[in-house]
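Everything on this sheet refers to the single structure shown next.
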Amino acid sequence: MCLGIPGKVEEIWEQDGTRMATVDFGGVRKQVCLAYVPDLALGEYTIVHVGFALTKLDEASALETLELFRSTGLLEQEMGGT
Amino acid sequence: MKYLDEFSDPVLAARILDDIASRVTKPWSIMEICGGQTHTIIRHGIDQLLPGNVTLIHGPGCPVCVTPLEIIDRALIIAARPEVIFCTFGDMARVPGSRTDLLQVKAAGGDVRLVYSPLDAVRLAQQHPDRQVVFFAIGFETTAPANAMTVRLARQLGLSNFSLLVSHVLVPPAMTAILESPSCRVQGFLAAGHVCTVMGTKQYEPLVHRYRVPIVVTGFEPLDVLEGIRRTLFQLEDGRFELENAYPRAVTSEGNAVAQTVINEVFKVCDRQWRGIGLIPQSGWRLSAAYADFDAEERFDVRGVVAQESANCRSGDVLQGAITPPECPAFGQECTPRRPLGAPMVSSEGACAAYYQFRRIDIAAPTRRGSAPVS
């Protein structure tokens with residue numbers, strides 16, 4: 001229920017004054033309301049919950065987190081630890 | 001898929017697990033609030049990969065599971081009315097009420113529709129002006145923006161045949177109730193990432209300081225959950241209690257300001273019963289006075305309906321982390337996803353359903369882990 005699914009914005013249009021988008025979830029496409037994340041642009045990723053985009057996924061933060069994971073344990077290895 | 005695959009990398013998971021194992025010196029108990037995280041943990045066996053002295057306690061963060069029985073009974077009464085089209089998220093359709101569930105009401109001729117989004121219910125109201133369309137608006141803060149926008153849209157469209165049966169719940173008061181409980185074993189929390197996309201992380205700052213408890217806002221992929229656990233454990237080992245954000249790609253301190261504005265316009269905070277837990281003060285949202293004419297409980301006069309829980313279902317103990325699902329005598333016996341006694345066996349975020357789906361073969365085996373101390 002609270003599961004938000006990440007997807008990529010593929011198309012944006014206006015419907016009754018509201019920004020809508022087609023979002024691709026790894027092959028499954030859904031129409032999504034962008035009222036809460038109006039600055040989403042084509043090609044960006046968002047978390048979608050029950051038909052509404054809730055937040056823009058921040059690429060720089062994602063890369064930083066992954067870099068942190070990749071560096072985990074490497075220092076110990078270089079120092080001859082575990 | 002981007003943002004999914006790279007956060008499921010087994011090589012990186014092993015590194016984080018090694019890092020955790022090298023730092024943990026004492027037994028610790030951490031609660032993951034959100035049922036989505038419970039599913040990630042059980043599905044990937046994260047609880048079994050952690051050092052034996054780290055216990056994960058599953059929290060009450062499954063909205064379907066905590067929706068009180070009397071609200072479900074009210075839904076069943078409304079859904080059975082001939083003029084009503086009753087719209088619900090699929091998870092809710094099989095949750096047992098006192099005597100029946102929404103799918104059985106549908107089988108008996110009720111017009112129950114499973115929808116993906118509350119906007120689908122508005123569309124149905126537009127298409128069927130001669131019918132009363134009711135949307136079952138349950139959920140945590142994550143779902144509130146969608147439901148709030150739907151009511152606003154219904155008003156803009158002048159729909160007089162649309163209403164909401166609202167049973168919204170809030171995470172911070174539930175965490176307070178858990179921390180205030182005399183039997184509380186929780187020493188640190190993984191806060192629910194998607195709730196925080198809406199409300200921001202700042203809501204949790206007072207809890208951290210008042211209860212001197214680490215709270216780490218955590219995502220849902222395996223590496224996200226491991227990172228949340230790692231940061232919580234490191235705080236506990238260091239004797240720190242801080243609010244940390246381990247899901248920065250999706251969550252900010254302030255949350256979604258537009259969503260908060262619309263929520264505050266459409267809803268107001270109220271006391272709320274939680275199924276299996278009881279009344280938690282100021283723990284829910286109901287429609288505000290400005291939108292009271294969209295309240296299905298008033299429109300169909302069901303506010304007086306009360307209900308009694310089944311004595312055989314221990315979902316209250318499961319929801320409060322007092323027992324794990326296999327410790328319930330009914331688990332996998334008289335209670336299965338096909339014939340559930342309680343809501344946690346139904347929902348895709350319910351702890352009982354997670355154990356049934358991913359663990360029942362292990363549980364059936366004689367040497368089961370988790371019930372005995374592990375060295």
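Rule-based calculations on the coordinates, nothing more; no lab input. Keep in mind that what you see is a predicted model, and the values were worked out from it rather than measured. Cβ coordinates were reconstructed from backbone atoms using ideal geometry, including for glycine residues, and neighbour counts include every protein chain displayed.
Rounded to the nearest 20 debye, the dipole magnitude of region B:1-357 is 340 debye, with +1 charges on Lys and Arg beta carbons, -1 on Asp and Glu beta carbons, and the Cα centre as origin. Beta-bridge orientation, chain A: approximately 95 percent antiparallel, per DSSP, counting only bridges with both partners inside. The amide H of B:E32, built 1.01 Å from its N in the peptide plane, has B:I57, B:G59, B:L190 as neighbours under 5 Å, considering only residues 5 or more places off or on other chains. Computed from backbone phi with θ = phi - 60° and the Karplus coefficients 6.51, -1.76 and 1.60, the 3J(HN,Hα) list for region B:226-240 is 4, 5, x, 5, 4, 5, 5, 5, 5, 4, 4, 5, 7, x, 9 Hz; x is used for glycine and proline. Close amide-amide hydrogen proximity is noted between A:F52 and A:C33, each under 5 Å apart and 5 or more residues distant or on a separate chain (H modeled in the peptide plane; Pro and chain starts excluded).
Phi-derived couplings, Karplus 6.51 cos²θ - 1.76 cosθ + 1.60 at θ = phi - 60°, listed residue by residue for region A:9-22: 6, 10, 7, 10, 8, 9, 9, 6, x, 10, 6, 10, 9, 9 Hz, with x used for Gly and Pro.
By other beta-carbon atoms within 10 Å, ranking B:E180, B:E327 with the fewest at the front produces B:E180, B:E327.
Beta bridges from DSSP with both residues in the protein assembly as shown: antiparallel share about 45 percent, rounded to the nearest 5.
Take the Cβ-Cβ distance between B:R185 and B:E254 as r, set R0 to 25 Å, and report the resulting FRET efficiency rounded to the nearest 0.05.
Values: r = 32 Å, r/R0 = 1.28.
Plugging the Cβ-Cβ distance into 1/(1 + (r/R0)^6) gives 0.20.
Close amide H contacts of B:E242 (hydrogens built in the peptide plane, cut-off under 5 Å, sequence separation of 5 or more or a different chain): B:I215. Residues B:V258, B:V105, B:V198, ranked from the fewest to the most other C-beta atoms within 10 Å, line up as B:V258, B:V105, B:V198.
The slack in the chain from B:D18 to B:E6, taken as 0.36 nm per residue of separation less the alpha-carbon distance, amounts to 2.5 nm. Just to confirm a number: summing +1 for Lys and Arg and -1 for Asp and Glu over residues other than B:Q320 whose beta-carbon lies under 15 angstrom from that of B:Q320, what do you get? So the environment of B:Q320 carries a net charge of -2. Karplus-based coupling profile of region B:249-266, in residue order and whole Hz: 5, 10, 10, 10, 5, 8, x, 9, 5, 5, 4, 4, 5, 5, 4, 5, 6, 8, with θ = phi - 60° in 6.51 cos²θ - 1.76 cosθ + 1.60 and x standing for Gly or Pro. Only one residue of B:T143, B:C352, B:V122 has its Cα farthest out toward the positive end of the dipole of chain B, where Lys and Arg carry +1 and Asp and Glu -1 on Cβ, and that residue is B:C352.
How shielded is B:75-84 by partner chains, expressed as the average number of their Cβ atoms within 10 Å of its Cβ atoms?
0
Taking other Cβ atoms within 10 Å as a rough exposure proxy, B:I215, B:I85, B:I46, B:I77 sort from fewest to most as B:I77, B:I46, B:I85, B:I215. Checking every one of the trypsin sites (Lys or Arg not before Pro) in region B:103-207 against DSSP loop status and a limit of 14 other Cβ atoms within 10 Å picks out B:R185.
Take every DSSP beta bridge with both residues inside chain B and express the antiparallel ones as a percent of the total, to the nearest 5. Percentage antiparallel, nearest 5: 20.
For region B:1-357, how big is the tail of P(r) above 31 Å, as a whole percent of Cα pairs?
Result: 34 percent of Cα pairs exceed 31 Å.
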